[in-house]
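The structure appears right after this line, and notes come after that.
The values are calculated or read from the model by the stated rules, or taken from the named source; none is laboratory data. Keep in mind that this is a model prediction, so the values were computed, not measured. When we count neighbours, we look across all protein chains shown, and the Cβ atoms used for this are built from the backbone with ideal geometry, even at glycine. Keep in mind that these areas ignore ligands, DNA and RNA; they rest on the heavy atoms of the full protein, side chains included. Shrake-Rupley method; radii C 1.70, N 1.55, O 1.52, S 1.80 Å.
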Amino acid sequence: MSLDADGGSGAEVAALSDKGSPGEDGFVPSALGTREHWDAVYERELQTFREFGDTGEIWFGEESMNRLIRWMQKHKIPLDASVLDIGTGNGVFLVELAKFGFSDITGIDYSPSAIQLSGSVIEKEGLSNIKLKDLNFSKSCQHPSSALEADLETV
């Protein structure tokens, strides 16, 4: 096997070039930054939930979720404060917030499959006070007085 100037094989170089070239910042784009990736992830997790009742992965870990709730309690965030979970995924954080007594909770995600999954998880938990919205937050923020404000008013 021949090695390139950096000691890698030609196959490794070809695989890297398939993923994209580094941008001006020197970083190669990641699939994690694409809606297609997250749609596929949440389609699989939604199917798994339907078949087995498994809510899926807590992406930042259960301890991080619990630490944030403890922080909210320590700082005496009122239970009726509006809480917006951006990138809500499977909605598990919303469920935990509701269990701790928070009552004005909204989750948004740009993946319709994530919203379907979180809705199913919330329904399974018997919760009805959590609002969900399929919303691409980053695009809404490009026009400050546009879609985000209008969409959240209808949630």
- Task: Test Thr88 against the stated conditions and say whether it is in contact with a strand residue (DSSP E or B) (Cβ under 6 Å, 6 or more places away or on another chain), in contact (Cβ under 8 Å) with a residue 40 or more places away in the chain and surrounded by 12 or more Cβ atoms within 10 Å (Cβ to Cβ).
- Result: yes
- Message: Ser118 - would you say it is within 21 Å of Glu43 (Cα to Cα), at pLDDT 95 or above and open to solvent by less than 60 Å² (accessible area, probe 1.4 Å)?
- Response: yes
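Restricting the search to segment 111-136, which residues are closer than 17 Å to Glu36 by Cβ and over 13 Å from the mean Cα position of the chain (by Cα)?
None - no residue of segment 111-136 is closer than 17 Å to Glu36 by Cβ and over 13 Å from the mean Cα position of the chain (by Cα), so the list stays empty.
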- Message: I'm checking my understanding of the structure. Among residues of segment 103-115 that are of a type in the set (A, V, I, L, M, F, W, C) and either touching a Phe, Trp or Tyr at 6+ places or on another chain (Cβ under 7 Å) or modelled with pLDDT under 95 (or both), which one is surrounded by the fewest Cβ atoms within 10 Å (Cβ to Cβ)?
- Response: Ile108
- Item | In segment 12-45, the residues that are open to solvent by 80 Å² or more (accessible area, probe 1.4 Å), part of a helix (DSSP H, G or I) and at pLDDT below 75 | Glu12, Leu16, Asp18, Lys19
- Task: Please give the number of the condition Ser82 fails out of (1) open to solvent by less than 60 Å² (accessible area, probe 1.4 Å); (2) among the polar types (S, T, N, Q); (3) under 20 Å from Leu135 (Cβ atoms).
- Result: (1)
